[in-house]
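The values are calculated or read from the model by the stated rules, or taken from the named source; none is laboratory data. Note that the structure is a prediction, hence the values are computed from the model and not measured. Here Cβ is always computed from backbone atoms with ideal geometry, including for glycine, and neighbour counts include all displayed protein chains. Just the protein is used for accessible areas: all its heavy atoms, side chains included, with ligands, DNA and RNA removed. Shrake-Rupley method; radii C 1.70, N 1.55, O 1.52, S 1.80 Å.
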Amino acid sequence: MNMIEPAQSYLFESLVLPLLHATGFMTWADSAYDATGVFLIGLLQIAILYILIRPWESLRPAERWQSRTGVRVDILYTLLSRTGILALIIFFLLDPIATPFESFLHIHGMVPENLEDVFPTLQTRPLLAFMTYVIIIDFFEYWYHRMQHRFDWWWGLHSIHHSQRHMSLWTDDRNHLLDILLHSVWLASIANLIGIPGAQFLFVVILIKGVESLSHANIRMDFGRWGDRILVSPRYHRVHHGMDVGHSGSSRGSNFAVLLPIWDLLFGTARRMDEIPQTGILDQLQGAEYGENFISQQVAGFSRMIRAFTQR
Ligand SMILES: [Zn+2]
Ligand SMILES: [Zn+2]
């Protein structure tokens, strides 16, 4: 957080604070200062990923498209999501049940039992401690993703993510608001459970988001036969988005892993394909609609969820 502190203070004092003052929300000043930090870290993250990944998409695309129009809505999702704006919208929409968001932002200081207290050896090995946190969180991420596919109502929400037929580095954040809320509660609960320090948690999230941007990118690339068993590659995750492949079979999909394919290997959901599949959901070929823009996608996801509940 220190690196961005000067920019954070400047933006906060010149824009956010006067705005809070004018609207009578001065009691929110502390949270707003944190939110300003989240916003700047998000912008920085997007800029770095864009510089690193975008040229690569042009040089070695997995798919060549006639037009990039379909990508635009995903850029909006990424901007809103990574800068914390979506978190704020959800917070105000669902104020009474959004308290977990508070703990998500204010995880510092309210850590119950630290993993490093339970395993003292981790105290002297910060890198080992960080890796342990990454592995534990990634394990829970895998199971969250399994549930998104397992339950019909949840798939109703998650199908919005899969409905992108022009998958790119921006697609990772294309999710339903309700799903984003559930995911934040899930992540915050796990972070509290294992007592990960706030700064480390932030780095784990940034690492996961970075790998996710890369794994969604429209790049013809994998990490080789063995590398693809160590870290999720663009090719590996493209199979997960493959039409039919990514949402059918006994596990209702394959290659669920977010960071480490080991979970797919352990739980029998890993799949390797020689050809690069086209992405999307099978019934889109029969004309099923999942929405073209942000609002229509949110509405479609919500009504698919309701339909899953009422059609039992
Ligand atoms: Zn999925
Ligand atoms: Zn995905």
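Each part gets one Cα centre, and for region 204-228 versus region 18-43 those centres are 33 Å apart. The calculated 222 nm mean residue ellipticity attributable to helices in the chain amounts to -18000 deg cm²/dmol, summing -39500 (n - 2.57) over DSSP H runs of n ≥ 4 and dividing by all residues. Taking Cα centre as origin and charging only the Cβ of basic (Lys, Arg, +1) and acidic (Asp, Glu, -1) residues, the dipole magnitude of region 167-312 rounds to 260 debye. Counting only protein heavy atoms, what percent of the accessible surface of region 1-75 is carbon or sulfur at a 1.4 Å probe? Here it works out to 67 percent. For the peptides 166-176, 66-76, 208-218, residues were scored by their other Cβ atoms within 10 Å and the scores averaged per peptide; the highest-first order is 166-176, 208-218, 66-76. Measuring nothing but how far apart in sequence close Cα pairs (under 8 Å, 6+ apart) lie, relative to its length, the chain scores a relative contact order of 21 percent. Spin-label model, Ile48 to Met3: label points 7 Å out along the Cα-to-beta-carbon direction sit 0.5 nm apart. Computed from the C-beta positions of Gln123 and Ser250, the FRET efficiency with R₀ = 41 Å rounds to 0.45. Tell me the angle of helix 294-310 to the major Cα principal axis of the chain, expressed in degrees between 0 and 90 and rounded to the nearest ten. The angle comes out at about 70 degrees.
Taking each pair of distinct Cα atoms in the chain once, what is the resulting Kirkwood hydrodynamic radius in Å?
Details: mean 1/r = 0.0484 Å⁻¹.
Evaluated over the chain, this radius sits at 20.6 Å.
When the chain is treated as a GNM with alpha-carbon contacts under 10 Å, the residue of Val204, Val16, Val38 showing the greatest mean-square fluctuation is Val16. Protection proxy ranking for 21-27, 301-307, using the average of other Cβ atoms within 10 Å per residue and placing the highest first: 301-307, 21-27. Determine which residues of region 234-265 fall in the zone a paramagnetic label at Leu207 would reach in this model, i.e. backbone nitrogen under 14 Å from the point 7 Å along Cα→Cβ. Of the residues in region 234-265, 258-261 have backbone N under 14 Å from the label point off Leu207. Entry comment: accessible area of region 138-229 is 34 Å² per residue, from protein heavy atoms only and a probe of 1.4 Å.
Loop-located GluC sites (Glu not before Pro) in region 223-312 (DSSP state not H, G, I, E or B) with no more than 12 neighbouring Cβ atoms inside 10 Å: Glu275, Glu289. Please state the charge dipole magnitude for the chain, taken about the Cα centre, from unit charges on C-beta atoms (+1 on K and R, -1 on D and E), reported in debye and rounded to the nearest 20. Taking the Cα centre of the chain as origin, the dipole is about 1000 debye.
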